[in-house]
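Inspection log for the structure reproduced underneath, given as structure tokens.
Taken together, the values in this text are just the output of simple stated rules run on the coordinates, not laboratory data. Everything numeric in this text was worked out from a predicted model, so none of it was measured. Don't worry about glycine lacking a Cβ; one is built from the backbone with ideal geometry, like all the others, and counts go over all protein chains shown.
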Amino acid sequence: MSEVDGLKQMVLVASRILYAPNGITEVQEGFSGHVSLRLPDGGSYVVAGHTHLEGRSTLDVGYEDLVVVDMETGERLEGSQPLLGENVIHTGVYRARRDVNCVIHVHPYWCTVWSLVEELSLGLPVFFTGRSQVESEEDGDALGAALGEESAILLPGHGIVTAGETVMHACRLTAFLEEQAKKLYHASLLGRVPPEYAELLMTPHKASIESDSWRWYEERLREKGLYPELP
Ligand SMILES: [Zn+2]
């Protein structure tokens, strides 16, 4: 397998981990999340094309649906599927952060619920355009700037963007934040949650995003017959 094919496979693996039916992770809401990976040339990334136009979910994406996007121009370099409008999110983060090799944008239920709460937005930075979508190149670049040195940012009422040095890190972080957001919701029903408790809950410790979790996820995918094999 070539290095680029290996990276494409990782995009598909992460997409299926996040959206596997009956839950490998808590990230289940919305069917149009996207995982992208920076390619070895440093100036392009691979991501799924706009398969939702055909009524297909993230789970249905295969190798033939992946496209390669130029970070500078935002244009398609390879692939036949139309580009996603939300590619501006991925492009904006990669332009802002040379240390980031994987960007994930998903619409998980619990993180989105908390993104609407002013006083306790999970302790994460928030990016709000005044519209429901991040839709222009300028929006994407502004989101990259708002992310700063953080690894995740909330889009109020919309979803979350996570960024990592590796796909394992970004994928595990995404799942972790959703797991914790769900706990925080239930705790908040029982009583007041001190902000310092919430902050601690939402801060991933090393063990919670380590690669062992990734191997566990891959095994669950294989059990479900969802592991993407090379064509
Ligand atoms: Zn979105």
What is the extension gain from Asp60 to Glu138, computed as 0.36 nm multiplied by their sequence separation minus the C-alpha to C-alpha distance, in nm to one decimal?
25.1 nm
Listed highest first by mean packing, meaning other Cβ atoms within 10 Å per residue, what order do 222-228, 12-18 come in?
12-18, 222-228
For segment 1-119, I need the span (max minus min coordinate) of the C-alpha atoms along each principal axis, in Å, sorted largest to smallest.
39, 31, 26
For segment 3-223, report the translational diffusion coefficient in µm²/s to the nearest whole number, using Stokes-Einstein at 37 °C, 0.692 mPa s, and a Kirkwood Rh over Cα pairs.
189 µm²/s
Starting from the Cα of Glu165, step 7 Å along the direction of its Cβ; do the same at Val126; then give the gap between the two resulting points in nm.
3.1 nm
Please report the relative contact order for the chain, taking Cα pairs under 8 Å with a sequence separation of at least 6, and give it as a percent rounded to a whole number.
21 percent
